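Enquirer: Below is the structure I would like to discuss, written out as structure tokens.
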Amino acid sequence: MMNQDDFVVEVASEEHLKYVDEILATIEEAANIRGTGIAKRKPEYLALKIREAKAVIALKGDRFAGFSYIETWEDKHYVTTSGLIVHPDFRGLGLAKRIKDMTFSLARTRWPHAKIFSLTSGAAVMAMNTQLGYKPVTFEELTEDEAFWKGCDGCINVDVLRRTDRKYCICTGMLFDPTEHLPAKISDEVLERIRAIDENVE
């Protein structure tokens, strides 16, 4: 019988690049089973998120168990935690919540003043978002960044989004406003890695 102690949930790094193809395949398979839309990502895109310390991975030994990543919009005024997935072999163990919590804490630590938002059609993600302090909002309260909305082009429901002039779709918009909450905290080791990455970018 598996339990939470069997899994390591951590900020992804170079050593985890070997899981990219499996992560993408698992995300696509889950979307096909649910019959819901998904913004498709390329392997290079996910690899970049891992290299930039903008992703969280769950492992059971050396087996891929779950994943999520972070994106920033409008000059880091908005942040999304995206692509949350748990491998079918490890569902129902509370792993999604652990991944979501760490990705959320990472986003809040890196961009403490950014609004964090989510577009989701999944009841489980909505419940997790609500526990973290997200509130349902209209799409008008989300980012206006065209690059974000272009990500919806790969979704099977994009026609709904276009027909409504981007006012609503199948997904529910949810928003976390940092001005209404206390700051988050993440490990000093990860913070040092982030500082080194940011210095190299500048």
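Taken together, the values in this text are just the output of simple stated rules run on the coordinates, not laboratory data. Fair warning: this is a prediction, and the values are worked out from it, not measured in the lab. Counting neighbours? That spans all protein chains shown, and the Cβs are built from the backbone with ideal geometry, glycine included.
Enquirer: Can you figure out the FRET efficiency of D198 with E14, using R₀ = 22 Å and their beta-carbon distance, to the nearest 0.05? Show your work: numbers first, answer last.
Expert: Details: r = 17 Å, r/R0 = 0.77.
Here the calculated transfer efficiency is 0.85.
Enquirer: Computed over the Cα atoms of the chain, what is the ratio Rg over Rh, Rh following Kirkwood? Kindly include the intermediate steps, with their values, before the conclusion.
Expert: Details: Rg = 16.3 Å, Rh = 17.4 Å.
Rounded to two decimals, Rg over Rh is 0.94.
Enquirer: With +1 on each Lys and Arg Cβ and -1 on each Asp and Glu Cβ, and nothing else charged, work out how big the dipole of the chain is about its Cα centre, in Debye to the nearest 20.
Expert: 580
Enquirer: Same structure, new question: Please state the relative contact order of the chain as a whole percent: Cα pairs under 8 Å, 6+ residues apart?
Expert: 22
Enquirer: Per the helix-only calculation at 222 nm, which mean residue ellipticity applies to the chain, given -39500 (n - 2.57) for every DSSP H run of n ≥ 4 and division by its residues, nearest 500 deg cm²/dmol?
Expert: When only DSSP H runs of four or more count, the value is -11000 deg cm²/dmol.
Enquirer: Among A58, T26, V9, which residue has its Cα positioned farthest towards the positive end of the charge dipole of the range 4-201, with +1 placed on the Cβ of Lys and Arg, -1 on the Cβ of Asp and Glu, and the dipole taken about the Cα centre?
Expert: So the residue we want is T26.
Enquirer: Return the long-range amide H neighbours of F117 (sequence gap of 5 or more, or a different chain), with a cut-off of under 5 Å between placed amide H atoms.
Expert: V79, T80, T81, F176
Enquirer: Taking the Cα centre of each part, how many Å lie between the range 57-119 and the range 151-202?
Expert: Measuring centre to centre over Cα atoms gives 10 Å.
Enquirer: Using 0.36 nm per residue, how much length does the chain from I170 to K135 gain when fully extended, once their Cα-Cα distance is taken away?
Expert: 10.9 nm
Enquirer: Taking θ as phi - 60°, what are the ³J(HN,Hα) couplings along the range 87-96 by the Karplus curve (6.51, -1.76, 1.60), each to the nearest whole Hz, with x for Gly and Pro?
Expert: So the J values, rounded to whole Hz, are 4, x, 5, 10, 7, x, 10, x, 5, 4.
Enquirer: Can I ask one more? Apply the Karplus curve 6.51 cos²θ - 1.76 cosθ + 1.60, θ = phi - 60°, to the phi angles in the range 156-161 and return the couplings in whole Hz, x for Gly and Pro.
Expert: Whole-Hz 3J(HN,Hα) from phi for the range 156-161: 5, 9, 4, 4, 5, 4.
Enquirer: Same structure, new question: Too long at a 25 Å Cα-Cα cut-off: which of K49/K150; K42/K185; K76/K135?
Expert: K42/K185
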